[in-house]
Amino acid sequence: MKRWLGTSLAASLLLTACVTINVYFPAAEAKEAAKEFVDKVIGDSVPATDAQPRPQTPGGQGGSASLHRPQRPFNWLALVGIGTAYAQESADISIKTPAIQAIQGRMATRFSAQLRAGFDAGALGLTRDGMVEVRDASRLALKDRVAMTQAVADDNRDRKAVYREVAVANGHPEWEGQIRGIFAQQWIASAHGGWWYQDSAGSWKQK
């Protein structure tokens, strides 16, 4: 009898102390981080003094993050003492690490020195998975083709590295695919008129 009571008490304490941690991917914050990174690479950063204030929601909270928070489902496990901790409010995406900023600096220099000319000429395009591709080498002078192809390869290596680094730096390596998807959308959104990009089906379109 005593053994049964002891086991029951231990089980009850375990259930009471059990907490499930749900960390939602902060999509709104990731989009903001991607825009900041991409605009700096292609040279379209907006000075802080010119930035427009975020619109206020009826509840008085600015920003879009609160609009993208998923609704919390009813927690049936709470009825038996198993709590659920939600970390959505505290989740964020940071791109202010030395490794990420070093990659950003290399990409910005490369873009200004080589890739911009390729995009302006229509030789390069943005792929749907966040990479760069030489879509029409005939639009480049023959003497520039080898160097441009190498620049694209170097840039794609940095792109893969930054998607991975952003996820790891924010403590969630499993977010790499989602980070890459959001960056892919942002590269296209920030593209200038006349640049080429792939749509969701992989077809080339001109912006």
Point to revise | Search result, residues across the stretch 155-170 that are closer than 10 Å to Val132 by Cα and acidic (Asp, Glu) | key: Asp155
Review point. Are any of the residues in the stretch 36-47 farther than 20 Å from Leu126 by Cα and modelled with pLDDT under 95?
Key: yes
Practice item. Determine if the stretch 135-158 includes at least one residue that is over 23 Å from Trp195 (Cα atoms) and part of a helix (DSSP H, G or I). Key: no
Exercise for review: Would you check which residues across the stretch 190-200 are outside any strand (DSSP E or B) and in contact (Cβ under 8 Å) with a residue 60 or more places away in the chain and list them?
Suggested key: Ser190, Ala191, His192, Gly194, Trp195, Asp199, Ser200
**Study point:** Search result, residues across the stretch 145-181 that are more than 19 Å from Ala108 (Cα to Cα), in contact with a helix residue (DSSP H, G or I) (Cβ under 8 Å, 6 or more places away or on another chain) and touching a residue at least 60 places away in the same chain (Cβ under 8 Å)
**Key:** Ala169, Trp175, Gln178, Ile179
Exercise for review: Sort out which residues of the stretch 95-111 are surrounded by 17 or more Cβ atoms within 10 Å (Cβ to Cβ) and at pLDDT below 95, and write them in order of number.
Suggested key: Ile95
Review point. When you look at Glu133, is it under 26 Å from Ile100 (Cα atoms) and in contact with a strand residue (DSSP E or B) (Cβ under 7 Å, 6 or more places away or on another chain), yes or no?
Key: yes
Review point. Does Gly171 fit the bill of being more than 28 Å from Arg139 (Cα to Cα) and surrounded by fewer than 15 Cβ atoms within 10 Å (Cβ to Cβ)?
Key: yes
Exercise for review: Please determine, by comparing only the residues of the stretch 112-148 that are polar (S, T, N, Q) and surrounded by 14 or more Cβ atoms within 10 Å (Cβ to Cβ), which one is nearest to Ile42 (Cα to Cα).
Suggested key: Gln114
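The values are calculated or read from the model by the stated rules, or taken from the named source; none is laboratory data. Since this is a predicted model, take the numbers as computed values, not measurements. Positions of Cβ are generated from backbone atoms using ideal geometry, with glycine treated the same way; all protein chains shown enter the neighbour counts.
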